[in-house]
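A short reminder: the numbers here are calculations on the coordinates, not readings from a lab. Note that this is a predicted model, so its numbers are computed, not measured. Cβ coordinates were reconstructed from backbone atoms using ideal geometry, including for glycine residues, and neighbour counts include every protein chain displayed.
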C-alpha cells in the first residue's frame with residue numbers, strides 16, 4: 001500500500017474512533033489526528049492545503065502523535081527555507 005493510501009486509511013480510522021470516543025476530549029483529539037493525516041496525504045498528492053494554527057488564540061499548540069508511532073507531516077506548520 002502506498003504512503004498516501006496509508007495516510008488516508010489512518011484518517012478514516014481516526015474518524016471512526018472519534019465517532020465512538022467516550023469523551024469530548026477524545027473525540028476532538030481523534031478528529032484532529034484525522035485532519036493531520038488527511039493534510040499529510042493531500043500534501044504528498046501535491047494538493048495545496050490551507051495552513052491553520054492549532055488552538056488559535058490560546059498561545060499553545062498541542063499535537064498528538066499518530067497511533068502506532070508512524071511519522072506524519074504536520075501541514076499546519078510552515079517552514080521557510
Mean Cβ-within-10 Å packing, highest first, puts peptides 25-31, 35-41 in the order 35-41, 25-31
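Starting from the exponent 0.38 and prefactor 2.2 Å, build the expected Rg for region 1-47 from its residue count and divide its actual Cα Rg by it. The partial results should precede the final answer.
Working: Rg = 11.2 Å, N = 47, 2.2 N^0.38 = 9.5 Å.
The reported ratio for this selection is 1.17.
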